[in-house]
Amino acid sequence: DMQGQKTLITNPENGKEKDFSFDYSYWSHDGFTERASDGYLEAEPGSKYADQQTVMNDLGMGVLENAWNGYHSCVFAYGQTGSGKSYSI
């Protein structure tokens, strides 16, 4: 489960929970609808899904602004294979 900056995982064998904190933590597993016109994945109302615009607004704009101002910039994307990290960047 993901709540704000926290990601909570549950061990399926014993039910023990462990939480991790990040600057940003995004849900990308389900809760989206594919737009027929261009294939863009939009968040369904009430879902936790973070679409590309959400990620760009939260992270990309600041990084891009710093790059345009001459600063070195870096985004570290970590997550499951096929979850959209490279596409987002």
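Here is how the numbers come out for the structure above:
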| read-out | value |
| --- | --- |
| Asn66/Phe22 FRET efficiency (R0 25 Å; Cβ-Cβ; nearest 0.05) | 0.80 |
| Exposure ranking of Glu42, Glu13, Glu34, Glu65 by accessible area [1.4 Å probe, largest first] | Glu13, Glu34, Glu65, Glu42 |
| Those aspartates and glutamates that a straight Cα-Cα span of less than 20 Å connects to Lys16, excepting residues fewer than 8 apart in one chain | Asp1 |
| Gyration tensor (alpha-carbon) shape descriptor, the chain, a/c threshold 1.5 | oblate |
| Percent carbon-and-sulfur accessible area, the chain, ignoring ligands, DNA and RNA, probe 1.4 Å | 52 |
| Heavy-atom accessible area per residue - the chain, 1.4 Å, Å² | 83 |
| Separation of the Ala77 and Met56 label points, Cα + 7 Å toward Cβ, nm | 1.3 |
| Cβ-placed point charges (K, R +1; D, E -1), dipole of segment 1-72 about Cα centre in debye, nearest 20 | 200 |
| The chain: relative contact order as a whole-number percent, Cα under 8 Å and 6+ apart | 17 |
| Positive-end residue of Phe20, Thr33, Gly4, charge dipole of the chain with Cβ unit charges | Phe20 |
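The values are calculated or read from the model by the stated rules, or taken from the named source; none is laboratory data. Worth saying up front: this structure is predicted, and the values here are computed from it rather than measured. A quick note on method: Cβ atoms are made from the backbone with ideal geometry, for glycine too, and the neighbour counts reach across all protein chains shown. Just so you know, the surface numbers come from the protein's heavy atoms only, side chains and all, with ligands and any DNA or RNA stripped out. Shrake-Rupley method; radii C 1.70, N 1.55, O 1.52, S 1.80 Å.
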